[in-house]
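**Student:** Handing you a structure now.
The values are calculated or read from the model by the stated rules, or taken from the named source; none is laboratory data. Model, not experiment: these values are computed from the prediction. Cβ atoms come from the backbone with ideal geometry, glycine included; neighbour counts cover every protein chain shown.
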Amino acid sequence: MRFKSFINKKNILIFAGVIAVYAIIQVLRNFYILDGYHEITLAMICINVMLAAGLNLITGFTGQFSLGHSGFMAIGAYVCGLVLLRMPDHGGFFLGLFLGACGATIVGIMIGFPTLRLKGDYLAIATLGMAEIIRVIILNMHITNGAAGLSGIMRMANWFWLFWFAVITVVVINNFLRSSYGRACISIREDEIAAEAAGINSTLYKIAAFAIGAFFAGLAGGLYASYFYVLKPDLSGFLKSVDMLVIVVSGGLGSITGSVIAAIVLTVLMAALQSISDIRMIVYALILILLMRFRPQGLMGTMEIGDFLPKLKWLKARRERSES
């Protein structure tokens, strides 16, 4: 039954679109139409998609205002970087990604227990403090090379891994949100008191959302370390967390599709404004102000791409007959 419900026009069209995007970009790369500058932009798009999807799960769907996402990314990046410095091969690459993502998850759970009982601005301040603690620890540890950061990391990540890890992130988070656990998280966002009255352990589900978001942030950090092969402690700085939050809010709180679109648009925008570096932040800020003025709910609001795609009628009728 689950397999039959998965095979519908929406999923077929979405999957075909994903394959088409990958194939088109791959052809452009093979014919050298996309140069190194464009490939760096594509890499940042994939990384930002992973970060934004994870943060949207925490902030947009569970309603927890977090400003510490960059800390989880930094943990994943440094763990993966340290592993690759000692094991510069594909085994080290996958081991570094796994350990980095797990390390970020463990830290997320450890911090989640004492902080996720907080709400709103208090939670934002607590998670911001957590990210700053991570930055200071990285800055003062000998193994992370302090303020000089890490360099010479083997470049194992490429367009293939970046793209498909971003797709996997979106699929996993979307499926989680469509499960009973995801609906519990959404109910906490809508009315936490009512959710608890219905028997939902709000603290448990907050920590679960926090852990999943931290896992994919750590995974994105590992890919960042392996692609750019240089790491600095400011990776977990306040501005990086704000950048992620801007993407989530611009795309729409409660829309994974919005996070993907906003990550693409804002990353391309920042890359295009590099030529006017003196005023690019002013232009960037003005665009965001106009977006919030005329589209305060974000580009997609709470809509997903599947809402614009009709189901295959014959499959729907066949499923209804089988259920009856």
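**Student:** Considering only segment 65-90, state which residues are within 22 Å of the chain's Cα centre (by Cα) and among the β-branched types (Val, Ile, Thr).
**Tutor:** 75, 79, listed by residue number.
**Student:** Where in segment 1-95 are there helices (runs of 4 or more DSSP H), lying wholly inside it, with at least 3 residues that are surrounded by fewer than 18 Cβ atoms within 10 Å (Cβ to Cβ)?
**Tutor:** Output list reads 2-6, 9-30, 36-56.
**Student:** For segment 109-145, enumerate the residues that are among the polar types (S, T, N, Q) and at positive phi.
**Tutor:** 145, the sole residue that qualifies.
**Student:** Now for a different question. Between a first residue in segment 227-244 that is of a type in the set (D, E, K, R) and a second residue that is modelled with pLDDT of 85 or more and buried (at least 19 other Cβ atoms within 10 Å of the Cβ), which pairs have beta carbons less than 7 Å apart while being 6 or more apart in sequence or on different chains?
**Tutor:** 240/70
**Student:** Consider only pairs whose beta carbons are under 9 Å apart and that are at least six residues apart or on different chains; among these, list those whose first residue lies in segment 136-159 and is closer than 13 Å to residue 228 by Cα and whose second residue is β-branched (Val, Ile, Thr) and surrounded by fewer than 16 Cβ atoms within 10 Å (Cβ to Cβ).
**Tutor:** From segment 136-159, the pairs are 149/230; 150/230; 151/230; 152/230; 153/230.
**Student:** Checking the conditions here, which among 232, 240 is under 25 Å from residue 161 (Cα atoms), over 17 Å from the mean Cα position of the chain (by Cα) and either surrounded by fewer than 24 Cβ atoms within 10 Å (Cβ to Cβ) or aromatic (Phe, Trp, Tyr) (or both)?
**Tutor:** Working: 240 fails: over 17 Å from the mean Cα position of the chain (by Cα).
When all the criteria are applied, what remains is 232.
**Student:** Look at segment 96-138 and say how many of its residues are hydrophobic (A, V, I, L, M, F, W, C) and outside any helix (DSSP H, G or I). I'd like the intermediate steps shown before the answer.
**Tutor:** In the first step, residues of segment 96-138 are kept if they are hydrophobic (A, V, I, L, M, F, W, C); the result is 97-99, 101-102, 104, 106-107, 109-111, 113, 116, 118, 123-126, 128, 130-131, 133-134, 136-138.
From what's left, outside any helix (DSSP H, G or I): 116, 118.
Of the residues in that region, 2 qualify.
**Student:** Within segment 96-110, can one find any residue that is over 30 Å from residue 188 (Cβ atoms) and surrounded by fewer than 21 Cβ atoms within 10 Å (Cβ to Cβ)?
**Tutor:** yes
**Student:** For segment 121-142, which positions are surrounded by 14 or more Cβ atoms within 10 Å (Cβ to Cβ) and either of a type in the set (Asp, Glu) or touching a Lys or Arg at 6+ places or on another chain (Cβ under 6 Å) (or both)?
**Tutor:** 132
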